[in-house]
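Student: Structure provided below as structure tokens; questions to follow.
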Amino acid sequence: MTPYFYKILHKNTGKIYVGSQYGKNSDPKNLWKSYFSSSVYVKKLIEDYGIESFEILTIKERPDAREYEQRYLLKMYYILGRDKFCNIFINKSLSPGILLTEEMIEKANIKRRISNSISSKKLLEEGRHNFQLKHASSYEHVRKKSCERMIGNTYALGRIVTDETKNKIAEGVKGNTNVRNTKWWNNGNERKRSKTSPGESWKEGFKINWWENKFQTF
């Protein structure tokens, strides 16, 4: 076993790939003979252009080949910046992160839009969409207040937050101390969190009772 770091050039695109082999079968003599990297991007380029389209630039035998590869890529990323790095290197993995190209981001956005559309359609067909379950109030002042309160709010759009979702959210914010020892307060029109009452007109509680304030508002 001889771990090593390597750098190869794809002559057709002028891009560089940096990698390492460090397993029990690692041997620099195998590079581009029986070992052609673990990168799916490199393998795709080999399929499109052939093995001869690559040129070996560097081979360095070192016991810390894997860690050296990570340090090298991170250093180049911080020196060049994201855009230049993506233009020069084939590598898409910067442990512990993945670099997304514009094409990959657009594909993910399209997939997300399709998924949201399907989910919303399903809710409508099953009669579980929010606007189907929560009918508007017949009182004009209540509708006006609700409309103003929801302007710009896209959180959980088109969905009902189930107990399962609430549990997932709770797990995700464990350890967050930003609201520790605070309570919800409201003054009949708006709400906020604080340790003590924000003022004389504020009372403890999250829920705003529109019925108590309808004659004060209009």
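Student: Quick check on the stretch 4-98: take the gyration tensor over C-alpha atoms, sort the square-rooted eigenvalues as a ≥ b ≥ c, and tell me if it's rounded (a/c under 1.5), prolate or oblate.
Tutor: Here the stretch 4-98 falls in the oblate category.
Student: May I ask you to derive the FRET efficiency for K203 and E171 from their Cβ-Cβ distance with R0 = 45 Å, giving the value to the nearest 0.05?
Tutor: 0.90
Student: How much net charge surrounds P3 when only other residues with a Cβ under 12 Å from its Cβ are counted (Lys, Arg +1; Asp, Glu -1)?
Tutor: Cβ neighbours under 12 Å give a net charge of -1.
Student: Checking the table K24/K75; K11/K75; K168/K195; K24/K44; K44/K92; K92/K168 against a 18 Å threshold on Cα-Cα, which pairs fail?
Tutor: Correct reply: K24/K75; K11/K75; K168/K195; K24/K44; K92/K168.
Student: Here is a follow-up. Would you mind ranking F36, F89 by Cβ crowding within 10 Å, fewest neighbours first?
Tutor: Least to most surrounded, the residues fall as F36, F89.
Student: Taking neighbour counts of Cβ atoms within 10 Å as a proxy for exposure, in what order, fewest first, do V18, V40 appear?
Tutor: V40, V18
Student: So, one more: State, to one decimal in nm, how far the label point of S38 lies from the label point of K24, with both points 7 Å from Cα in the Cβ direction.
Tutor: Taking the simple label geometry, S38 and K24 are separated by 1.5 nm.
Student: Which trypsin sites (Lys or Arg not before Pro) does the stretch 18-90 hold that lie in a coil by DSSP with at most 13 other beta carbons within 10 Å?
Tutor: K24, K33
Rule-based calculations on the coordinates, nothing more; no lab input. A quick note: this is a predicted structure, and the numbers were derived from the prediction, not measured. Positions of Cβ are generated from backbone atoms using ideal geometry, with glycine treated the same way; all protein chains shown enter the neighbour counts.
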